[in-house]
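One structure is given below, encoded as structure tokens.
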Amino acid sequence: MVWTPQQSGVFLDAAQDDRLYALFHLVAFRGLRRGEAVGQDWSNVDLKAGLITPAKEIVVDGWDPYEADPKTDGSASTIA
């Protein structure tokens, strides 16, 4: 299920004070998959330039999480 822009806005408004708000905003507006968003090392994030390069993702197989390459080549490109 994909949220409508209105549903995303309602969620982000409600999550405004949550410590993970920046992550939620990044996922909503830049299209990162959940595993890509949580799998990043700080070495792939440039806060000063406002860039992130998804170099890996966290995948769950049953109950076991593991690191994997991004799902597509487009996932590994740098985004603002």
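Exactly one residue out of V38, V60 is at pLDDT 85 or above and over 17 Å from L20 (Cβ atoms), and it is V60. Can you find a residue in the stretch 65-76 that is closer than 22 Å to W3 by Cα and either acidic (D, E) or touching a Phe, Trp or Tyr at 6+ places or on another chain (Cβ under 8 Å) (or both)? Within the stretch 65-76 (the criterion being closer than 22 Å to W3 by Cα and either acidic (D, E) or touching a Phe, Trp or Tyr at 6+ places or on another chain (Cβ under 8 Å) (or both)), the answer is no, since none of the residues qualifies.
Within the stretch 34-46, is there a residue that is under 11 Å from the mean Cα position of the chain (by Cα) and of a type in the set (A, V, I, L, M)? Yes - at least one qualifying residue is present in the stretch 34-46.
Residues of the stretch 26-58 being of a type in the set (D, E), surrounded by 12 or more Cβ atoms within 10 Å (Cβ to Cβ) and either in contact (Cβ under 8 Å) with a residue 40 or more places away in the chain or within 18 Å of A68 (Cα to Cα) (or both), which ones? Break it down stepwise before answering.
Just the residues of the stretch 26-58 that are of a type in the set (D, E), to begin with: 36, 41, 46, 57.
From what's left, surrounded by 12 or more Cβ atoms within 10 Å (Cβ to Cβ): 36, 46, 57.
Listed by number, the residues that qualify are E36, E57.
In the set (1) surrounded by 10 or more Cβ atoms within 10 Å (Cβ to Cβ); (2) at positive phi; (3) not hydroxyl-bearing (S, T, Y), G62 fails one condition alone, (1). The lone criterion from (1) modelled with pLDDT under 85; (2) part of a helix (DSSP H, G or I); (3) loosely packed, with under 14 Cβ neighbours inside 10 Å left unmet by S75 is number (3). For the stretch 30-80, residues that are closer than 24 Å to L12 by Cβ, touching a strand residue (DSSP E or B) at 6+ places or on another chain (Cβ under 7 Å) and small (G, A, S) total 3. Kindly indicate the residue of the stretch 13-43 that is assigned to a loop (DSSP other than H, G, I, E, B) and among the aliphatic types (A, V, I, L, M) and also nearest to E57 (Cα to Cα) among those meeting that condition. Checked the stretch 13-43; the qualifying residue nearest to E57 (Cα to Cα) is L32.
The values are calculated or read from the model by the stated rules, or taken from the named source; none is laboratory data. For clarity, every value in this text was computed on a predicted model and none was experimentally measured. Neighbour counts run over all protein chains shown; Cβ positions are idealised from the backbone, glycine included.
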